[in-house]
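**Student:** This structure is in structure tokens; I'll ask about it shortly.
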Amino acid sequence: MDNNYSLCRVSLDGSSVETLINERIATYNISEDGTLLFYQVDNGTDNGLYRMDLNSMESSLITAGDFNYLNFASGYLFYETFDQSSLYTYNLSTGQSQLQAIEKED
């Protein structure tokens, strides 16, 4: 939080700090194999869900907007819109997102 919610990687002994994302991050998660970082930029101008390859350090926008609850299972990233009205899956193999049906109880 000291650096406007930017995302940093710190060595286990705390001796080195590497800034991965120098923007305001609302939430993030790392893929099960540790190679991909998914994060929500919340800076008011470029809000969106992004993906970073931790080997090449290249980032790309998945989709613009505000999302949360980034969770992984069986080769997929699951995420919701901030207002919880829509649930999406992102296939880690194909890089494709798909809207999932949500049934709300009355």
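**Student:** Say whether the condition of being under 16 Å from LEU99 (Cβ atoms), touching a Ser or Thr at 6+ places or on another chain (Cβ under 8 Å) and of a type in the set (D, E, K, R) is met by at least one residue in segment 19-34.
**Tutor:** no
**Student:** Which numbered condition trips up TYR88, out of (1) in a loop (DSSP other than H, G, I, E, B); (2) in contact with a Leu (Cβ under 9 Å, 6 or more places away or on another chain)?
**Tutor:** (1)
**Student:** Out of everything in segment 1-31 that is polar (S, T, N, Q) and assigned to a strand (DSSP E or B), what residue ends up being surrounded by the fewest Cβ atoms within 10 Å (Cβ to Cβ)?
**Tutor:** My answer is THR19.
**Student:** Quick check on ILE21: is it closer than 21 Å to TYR88 by Cα and not charged (D, E, K, R)?
**Tutor:** Answer is no for this residue.
Values quoted throughout were computed directly from the atomic coordinates according to the rules given, and no laboratory measurement underlies them. In this text, all values refer to a predicted model and were calculated from it rather than measured experimentally. Quick reminder, even Gly has a Cβ in these numbers, built from the backbone with ideal geometry, and neighbours come from all protein chains shown.
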